[in-house]
Amino acid sequence: MKQASVYIRLGAMMFLQYAIWGAWAPVLWTYLVGDPSKGAGLGFSDVQASWVFGALWLACILAPFTGGQIADRWLPSQVFLALVHGGGAVVLFVLASARQFVPFMGLMVVYALLYAPTLAVTNSLAFRHIGDREKQFGVVRVFGTLGWIVAGWILTYGRSAHLTPEGQSDSLLLAGAASALMAVLCLALPHTPPKREGRNPLAFVEGFRMLADKRFLLFIVIAFVVTTELQFYYLPTSEFLEKQIMIPGADVPMVMTTAQIAEVIAMALFLPLLLPRIGIRWALAIGVIAWPLRYVVFAFGTPEIKALVIGSLALHGIGYTFFFVVSQIYVDKVAPDDIRASAQSLLTLATLGVGNFLGTQFTGWIMNYFREKDPLTGLAMVGGAVDWTYVFLVPCALTVLCAVAFLTLFRDPRANPSAQKAEATEAAA
């Protein structure tokens, strides 16, 4: 009974952790670049909006040196999480009313520095209190995806019921409310004292020796490029669905949860079924190929094929599961035991950190380039039309190249020698 209580609390932690993120990340772009004269947003440029989104990825690069060290060395994890989520709630409530770029960006940087370390700390806290990591962590983590989905549904309900206060961002207000709830919940999480020795914030450096393996280097390069192109989904999709596909703004948050629903199905059903049969190479290939297929649909999407466009959102969940989840499995399989954690840190740095940040900047530049220009100034117009075909053909072309390179040059990995020895010992036993 006591153990069941622990799992319930860990599941609730994951639910709120990702509900906070899912409340603002899918839809904030439309609010940032919307025309304020029409009451549709803040009127930021595409480049400014990309910097707002990039703040979180920069903070993810810094997180091991900041919050990660505090949680590892000085504070119990549940206390650290309560403090930063409480502070994050305050920042989000203020941010919801900010109207100018400089104060908005400043507040977003503060919030990102508070939130970024919690992504790793919630995982490490869960690992400390579950028995079988391989079998039980996925069950706990899936509640995070459910939290992301529910946040989208709540936003859609709130917009349909016209509950958003005028002049404020409903997505940021919802994220603030979820963050406040998370701060309270964290005080009820299992006690998780710090490991006084802490983690080495430069641990990923040890993983660089893996890059001497040409196959691993190819994998890291492809993972990096694929991650940069994923920002063409995360940033402008809400604007695309509303302005190009003519989905009512109130319905966009719920429609976008199609991707997360597909992710749950892919993670719970397709991946366990297919991975043992097709191997890591083809599983990763499915992940890479899913994204250009979606971008092709987006590039030529019109209101007449609305159902196809909405259906193509499921390719995001499939691509995410088969590439990023399998990527972690691949790294764990090929890395020597003594640098396995370092190799995972290197993957995180290349994708979640540097790849995502540079991807946001590239996406903002492309959006700005293909947005309608003022004939007098030559500058992109606030709320101007976007040539969506060209916008989405850019990531489509780059991810197709990644898929071709991957299928041509990558081969199924062999386990590292120590893992092979362990498998042989188990077989003999």
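Bear in mind these aren't lab numbers, they're just calculated from the coordinates by the rules spelled out. For clarity, every value in this text was computed on a predicted model and none was experimentally measured. Methodologically, a virtual Cβ is constructed for each residue, glycine included, from the backbone with ideal geometry; neighbour enumeration extends over all protein chains shown.
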Checklist line | GNM flexibility winner over the chain from ALA63, ALA250, ALA161 (Cα, springs under 10 Å) | finding: ALA161
Note to self: Between the stretch 218-233 and the stretch 76-141, how far is it from one alpha carbon centroid to the other, in angstrom?
What the structure shows: 24
Next item on the list: Choose one answer from ILE278, ILE310, ILE339: the residue with the largest mean-square fluctuation in a GNM of the chain with alpha-carbon springs under 10 Å.
Entry: ILE278
Margin query: Expected output is a single nm value to one decimal: the length gained when fully extending between GLU304 and SER5, i.e. 0.36 nm times separation in residues minus the C-alpha distance. What is it?
Written below: 102.7 nm
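Sort TYR31, TYR157 so that the residue with the fewest other Cβ atoms within 10 Å of its own Cβ comes first and the one with the most comes last. Present the calculation step by step, with values, prior to reporting the outcome.
Working: TYR31 22, TYR157 13.
Lowest count first: TYR157, TYR31.
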Notebook entry, point to check: Quick one: how many lysine pairs in the chain have C-alpha atoms under 22 angstrom apart, if they're 8 or more apart or on different chains?
Noted result: 8
Next item on the list: List the relative contact order of the chain as a percent without decimals, with contacts defined as Cα pairs under 8 Å and 6+ residues apart.
Entry: 25
Next item on the list: Find the all-direction average of the projected area of the Cα convex hull for the stretch 202-423, expressing the result in square nanometres with one decimal place.
Entry: 14.0
Margin query: So if I take the centroid of the Cα atoms in the stretch 298-362 and the same for the stretch 244-272, what is the distance between those two points in Å?
Written below: 16
Check: Using the 10 angstrom Cβ neighbour count as an exposure proxy, how do LEU401, LEU28 rank, fewest first?
Finding: LEU401, LEU28
Check: Of the peptides 301-309, 140-148, how do they stack up when ordered by the mean number of other Cβ atoms within 10 Å, highest first?
Finding: 140-148, 301-309
Item checked: Between the stretch 161-182 and the stretch 3-40, the Cα center-to-center distance that results, in Å -> 10
Notebook entry, point to check: What helices does the chain hold that run 27 Å or longer along their axis, going by alpha-carbon atoms, with a Kyte-Doolittle average of -1.0 or more, using DSSP H for the helix calls?
Noted result: 2-24, 101-129, 133-160, 214-234, 271-299, 388-409
Note to self: Multiplying the sequence separation of ILE278 and MET246 by 0.36 nm and subtracting their Cα-Cα distance, what value in nm do you get?
What the structure shows: 7.6 nm
Notebook entry, point to check: Which whole-number percent gives the relative contact order of the stretch 1-196, counting Cα pairs below 8 Å spaced six or more residues apart?
Noted result: 44
Notebook entry, point to check: Picking from LEU235, LEU349, LEU376, which is most flexible by a Gaussian network model of the chain using Cα springs under 10 Å?
Noted result: LEU376
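Roughly how large, in nm² to one decimal, is the mean projection of the convex hull of the alpha-carbon atoms in the stretch 1-139?
9.6
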